[in-house]
Structure formats: structure tokens, C-alpha cells
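Participant: Could you have a look at this structure, given as C-alpha cells, before my questions?
Coordinate-derived values only; no laboratory data. The shown structure was predicted, so the numbers you read here are calculated from the model rather than taken from an experiment. Note that each Cβ is placed from the backbone with ideal geometry, even for glycine, and that neighbours are counted across all protein chains shown.
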Amino acid sequence: MTKAEIRKVATMQRKWLSEDQIEDYSLQLLRQFSLLDFSSVRTIHVFLPITEKKEPNTFLFIDWLSVNYPEIKIIVPRADFDTALITNYVYQGKDGLVKNLYNILEPAQGELHTGEVDLVLIPMLAFDLRGYRVGYGKGFYDRFLQNIATKKIGLCFFDPVEQISDVNEHDVCLNLCITPNKVYSF
Ligand SMILES: Nc1nc2c(c(=O)[nH]1)N(C=O)[C@@H](CNc1ccc(C(=O)N[C@@H](CCC(=O)O)C(=O)O)cc1)CN2
Ligand SMILES: Nc1ncnc2c1ncn2[C@@H]1O[C@H](COP(=O)(O)OP(=O)(O)OP(=O)(O)O)[C@@H](O)[C@H]1O
């Protein structure tokens, strides 16, 4: 199936999810995430959820990390829709966040993070058995990930599709994808 076809199906599947299901699934994702080895992780890049699009509640991850690994620095993105580029900020709590035009919570201002990130949590609508992903189609994460060495971990509520038929040279493969019931490794 093509990205466009997969995007349509996955968007529909998300629409069916209730708020309780999203919270349940998000907790299941967190449980799988919590089993990873964090011994060499000093910075984690976490997307902030677009609740209107029924994304995983990544605040659960941020809260869990701050309790269990308080020494890990949390980095959050700010998306520039003119350039499709992401800039990184040090997360300084919910209070400093504002919603942009696309309902994405992002830091209004704060400390830019220009250094490395050891692990990136990646939003997606769907992924395939090879570790390729489908997002909303603007290529933000492909641009962000193209030049950095980091562990790339997708979060997805649904099982993988077999194959995305129209991957291109910009598409970046995931290392892992966490779903509510299973962690896929590529
Ligand atoms: N939470 C989160 N943050 C993220 C992403 C994401 O998938 N999730 N992105 C991952 O790359 C980037 C944002 N990508 C987005 C792309 C489109 C729309 C959106 O609302 N699109 C409209 C159509 C608008 C148009 O075509 O101009 C829509 O779907 O209705 C939102 C976010 C960066 N930050
Ligand atoms: N590194 C890049 N340089 C130039 N163009 C790119 C790059 N990465 C992606 N693109 C372009 O961005 C567009 C969107 O890509 P794609 O359909 O793969 O988005 P997506 O992965 O679903 O979206 P997102 O990453 O925003 O969730 C494509 O036209 C792609 O060619």
C-alpha cells in the first residue's frame, strides 16, 4: 500500500479510539518503553501529543522519566511549518507550553538544545515490517533524523502494515517500534 492509502486507513482507525482507549494504549506503550536499557541515555527527544489527532499521551513518558531517571534531559521539538524543520528545546514543564496553529503543544520560549540526543521518540500514523513509517506527510522527522546518530523509536497504537510501497531516499528507518502489545526491532 502507498503512504497516502495507509494514512487514510490509520487516520480512520485513530478516529474510532475513545479517550479511555488512548490512555490505556499509552500506558501499555509506556510499560514497554520502561523496559528499555537507559544506562547510556542522557538525553531523550519526546514529541508532545496532538490530542486532537489522538496521538499517544507522551506526558506519561515525561512524567515517568522524571521520576525514574531524573538525570535524563528531556528535549521537545518546535516545528516550523514554513521550512518543515524541527528545533529542539529543553523541556521545562507544562507551564511553558503553548498550542501552535496545528494544535501541537510546544515551548513558547526557553533554552535551545543544539547538542546530541541519544534517543528520539517518533510520532507516526503507521509503520511497516521493515521499520519505515508514515506520518502526516510533511517530512519533518525525515529531515530531523537524516543527519543525526541516535536511537530512533516509534510509538504506534496499531500493528504494522506489511510494506509501504512508496518509500523514498529521504525516508529514515526506525530502530524500534513500540506498539501496545509488542516491540518491533529492525
Ligand atoms: N505531536 C507531533 N508533533 C509533531 C509531528 C507529529 O506527527 N506529532 N510531526 C511529524 O512530522 C511534525 C508536525 N507535522 C504535522 C503535519 C500536519 C499537521 C496537520 O494538522 N495537518 C492538517 C493539514 C494541514 C495542511 O495540509 O496544510 C490536517 O491533518 O488536518 C500537523 C502536524 C512535527 N511535530
Ligand atoms: N531530508 C529531506 N530533504 C528534502 N525533502 C525531504 C526530506 N525528507 C522528506 N522530504 C520530503 O518531504 C515530503 C514528505 O515526506 P513523507 O511523505 O515521507 O512524510 P512523512 O514521513 O509521512 O511525514 P512526517 O515526517 O512529517 O510525519 C516528501 O515530499 C519528501 O520527499
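Participant: Quick check on the chain: of the DSSP beta bridges with both residues there, what percent are antiparallel, nearest 5%?
Facilitator: Working: 15 of 28 bridges.
Percentage antiparallel, nearest 5: 55.
Participant: How far apart, in nm, are the 7 Å Cα→Cβ label points at Lys182 and Asn168?
Facilitator: 3.0
Participant: Another one. Under a 5 Å amide H to amide H cut-off, with H placed in plane at 1.01 Å, what residues pair with Lys73 once short-range neighbours are removed?
Facilitator: Answer set, sorted by chain and number: Thr43, Ile44.
Participant: Go ahead and estimate [θ] at 222 nm for the chain from helices alone: -39,500 (n - 2.57) per DSSP H run with n ≥ 4, summed, over the residue count, rounded to 500.
Facilitator: -7500 deg cm²/dmol
Participant: Let me spell out the model: positive unit charges on the Cβ of Lys and Arg, negative unit charges on the Cβ of Asp and Glu, origin at the Cα centre of the chain. What dipole size does that give, in debye rounded to 20?
Facilitator: Numbers: 20 positive and 24 negative charges, 37 e Å.
Here the chain has a charge dipole of around 180 debye.
Participant: Which ³J(HN,Hα) values in Hz, rounded to whole numbers, follow from the phi angles of the stretch 143-159 under the Karplus curve 6.51 cos²θ - 1.76 cosθ + 1.60, where θ = phi - 60° and Gly and Pro get x?
Facilitator: 5, 4, 8, 5, 10, 10, 8, 7, 7, 9, 10, x, 10, 9, 6, 10, 5
Participant: Listed highest first by mean packing, meaning other Cβ atoms within 10 Å per residue, what order do 118-126, 99-107 come in?
Facilitator: 118-126, 99-107
Participant: Right, next: Just to be sure I understand: of the beta bridges DSSP finds with both ends in the stretch 67-175, what percent are antiparallel, rounded to 5?
Facilitator: Percent antiparallel among DSSP bridges in the stretch 67-175 is about 70.
Participant: Could you tell me how many cubic angstrom of Cα convex hull volume the chain has per residue?
Facilitator: 119
Participant: Please give the Cα centre distance for the stretch 103-145 versus the stretch 157-186, rounded to the nearest Å.
Facilitator: 14
Participant: Follow-up question, since we're still on this one. May I ask you to evaluate 6.51 cos²θ - 1.76 cosθ + 1.60, the Karplus curve with θ = phi - 60°, for each residue of the stretch 91-106 and list the ³J(HN,Hα) values in order in whole Hz, giving x for glycine and proline?
Facilitator: 6, 10, x, 5, 4, x, 9, 10, 8, 8, 4, 9, 6, 8, 6, 8
Participant: Further, regarding this structure: Whole-Hz Karplus ³J(HN,Hα) for the stretch 112-124, in order, using 6.51 cos²θ - 1.76 cosθ + 1.60 and θ = phi - 60°, x for Gly and Pro?
Facilitator: Taking θ as phi minus 60°, the curve returns 5, 10, 10, x, 6, 10, 7, 8, 10, 8, 10, x, 6 Hz for the stretch 112-124.
Participant: So, one more: Please list the non-local residues whose amide H lies under 5 Å from the amide H of Tyr89, H modeled 1.01 Å from N, same-chain partners needing a gap of 5 or more.
Facilitator: Val76, Arg78, His113
Participant: Starting from the Cα of Leu129, step 7 Å toward the Cβ, then list every residue of the stretch 162-186 with an amide N under 15 Å from that point.
Facilitator: Answer for the stretch 162-186: 162-165, 184-186.
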